[in-house]
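Participant: Handing you this structure, nothing more for now.
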Amino acid sequence: MLILRDMIESDVEDYVRWFTVETEWMHWDAPWEADKTDEATERANWSEYYQTVSQKPDDRVRYKFEIEADGRHIGWVSAYTDTEFYDNPEETVAIGIDIPEKQDRGNGNGTQALLQFMDYYRKLGHKRLLTQTWSGNLPMIAVAKKLGFTEVSRAVGVRTVNGKVYDALTFEILL
């Protein structure tokens, strides 16, 4: 069973591992931004983040949820309005997903997590959502299309990954 939930303290060590040791997932999520880091820095940063989010009231809008599948923390979904390469004057929420655990990708977990996150925003009254990726992230493009997102913007040749040039893509869905 897959659920979205708030961060718990034990998630900190998962983040430390994902950002320092098991970093393959970073090849998909904005690989042009990848920075080297160390365990102590990540532990301090994620511990501080946990302290901040653990004090949020239950009725406050969430911009990030952890993904738990069958009792295991496998990643997160997040939302933002500061879209890059896409004019967003209405500050439409864009949603994204990261599943660092490679064995938990390609089996519907991402689709299920995004569906739940979309439903969360639908219940908050949102009528439209965005998602963004790059043209080399074929798995995310497939998930977006499967969920009913359609491409609304393509910034040609603005991403370089391993010496190859890609496009920045923005998709939308009407809820």
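The values are calculated or read from the model by the stated rules, or taken from the named source; none is laboratory data. Treat the numbers as computed from the prediction; the structure is a model and nothing was measured. We place every Cβ from the backbone using ideal geometry, glycine too, and count neighbours over all the protein chains shown. Heads up: the accessible areas ignore ligands, DNA and RNA and are worked out on the full protein's heavy atoms, side chains in. Shrake-Rupley method; radii C 1.70, N 1.55, O 1.52, S 1.80 Å.
Participant: Out of all the residues in the stretch 115-131, which are polar (S, T, N, Q) and crowded, with 16+ Cβ neighbours inside 10 Å?
Facilitator: Initial filter on the stretch 115-131 (polar (S, T, N, Q)): 116, 131.
Scanning the stretch 115-131 gives a single hit, Thr131.
Participant: Moving on. Between residues in the stretch 98-114 that are open to solvent by 90 Å² or more (accessible area, probe 1.4 Å) and residues that are acidic (Asp, Glu), which pairs lie under 9 Å by C-beta distance while being six or more apart or on different chains?
Facilitator: Sorted first by the residue in the stretch 98-114, then by its partner, the pairs are Lys102/Glu22; Lys102/Glu24.
Participant: Can you name the number of the only condition in (1) open to solvent by 50 Å² or more (accessible area, probe 1.4 Å); (2) under 16 Å from Ala30 (Cβ atoms) that Ala142 fails?
Facilitator: (2)
Each row is one residue, and each column tells you yes or no for (1) touching a helix residue (DSSP H, G or I) at 6+ places or on another chain (Cβ under 6 Å); (2) part of a helix (DSSP H, G or I); (3) touching a residue at least 40 places away in the same chain (Cβ under 8 Å); (4) exposed (fewer than 13 other Cβ atoms within 10 Å of the Cβ).
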{"residue": "Tyr15", "(1), (2), (3), (4)": "yes, yes, no, no"}
{"residue": "Met26", "(1), (2), (3), (4)": "no, yes, no, no"}
{"residue": "Trp46", "(1), (2), (3), (4)": "yes, yes, no, no"}
{"residue": "Phe65", "(1), (2), (3), (4)": "no, no, yes, no"}
{"residue": "Ile74", "(1), (2), (3), (4)": "yes, no, no, no"}
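Participant: Also: Please count how many residues of the stretch 161-175 are under 20 Å from the mean Cα position of the chain (by Cα) and in a strand (DSSP E or B). Show your work before the answer.
Facilitator: Looking only at the stretch 161-175, we keep the residues that are under 20 Å from the mean Cα position of the chain (by Cα), and these are 161, 166-175.
In the following step, the residues that additionally are in a strand (DSSP E or B) were identified as 161, 166-174.
Looking only at that region, the number is 10.
Participant: Determine, yes or no, whether Asp58 is of a type in the set (D, E, K, R) and within 30 Å of Gly125 (Cα to Cα).
Facilitator: On the way: of a type in the set (D, E, K, R): yes; within 30 Å of Gly125 (Cα to Cα): yes.
So Asp58 fits the description; yes.
Participant: Any chance you could count how many residues in the stretch 87-97 are surrounded by fewer than 18 Cβ atoms within 10 Å (Cβ to Cβ) and either in contact (Cβ under 8 Å) with a residue 12 or more places away in the chain or at positive phi (or both)?
Facilitator: Qualifying residue count, the stretch 87-97: 3.
Participant: Mind listing whichever residues of the stretch 1-13 are surrounded by 12 or more Cβ atoms within 10 Å (Cβ to Cβ) and of a type in the set (A, V, I, L, M, F, W, C)?
Facilitator: Applying the first criterion (surrounded by 12 or more Cβ atoms within 10 Å (Cβ to Cβ)) to the stretch 1-13 yields 2-8, 11-13.
Within the stretch 1-13, Leu2, Ile3, Leu4, Met7, Ile8, Val12 qualify.
Participant: Let me ask you something else. Check Val156 against each of (1) under 25 Å from Leu4 (Cα atoms); (2) loosely packed, with under 12 Cβ neighbours inside 10 Å; (3) β-branched (Val, Ile, Thr) and name the one condition it does not meet.
Facilitator: With (1) under 25 Å from Leu4 (Cα atoms); (2) loosely packed, with under 12 Cβ neighbours inside 10 Å; (3) β-branched (Val, Ile, Thr) applied to Val156, the lone miss is (1).
Participant: Follow-up. Only residues that are open to solvent by 60 Å² or more (accessible area, probe 1.4 Å), in a helix (DSSP H, G or I) and in contact (Cβ under 8 Å) with a residue 60 or more places away in the chain: list them for the stretch 28-44, please.
Facilitator: The answer is Trp32, and nothing else.
Participant: Checking the conditions here, which among Ser47, Ser78, Ser10, Ser54 is in contact with a Gly (Cβ under 6 Å, 6 or more places away or on another chain) and of a type outside the set (Phe, Trp, Tyr)?
Facilitator: Working: Ser47 fails: in contact with a Gly (Cβ under 6 Å, 6 or more places away or on another chain); Ser10 fails: in contact with a Gly (Cβ under 6 Å, 6 or more places away or on another chain); Ser54 fails: in contact with a Gly (Cβ under 6 Å, 6 or more places away or on another chain).
Result of the check over Ser47, Ser78, Ser10, Ser54: Ser78.
Participant: Starting from the stretch 137-154, keep only residues that are in contact (Cβ under 8 Å) with a residue 12 or more places away in the chain and more than 15 Å from Ala94 (Cα to Cα), then list their pairs with residues that are in a helix (DSSP H, G or I) and of a type outside the set (Lys, Arg) whose Cβ atoms are within a distance under 7 Å, requiring at least 6 positions of separation or different chains.
Facilitator: Filtered contacts from the stretch 137-154: Lys146/Thr111.
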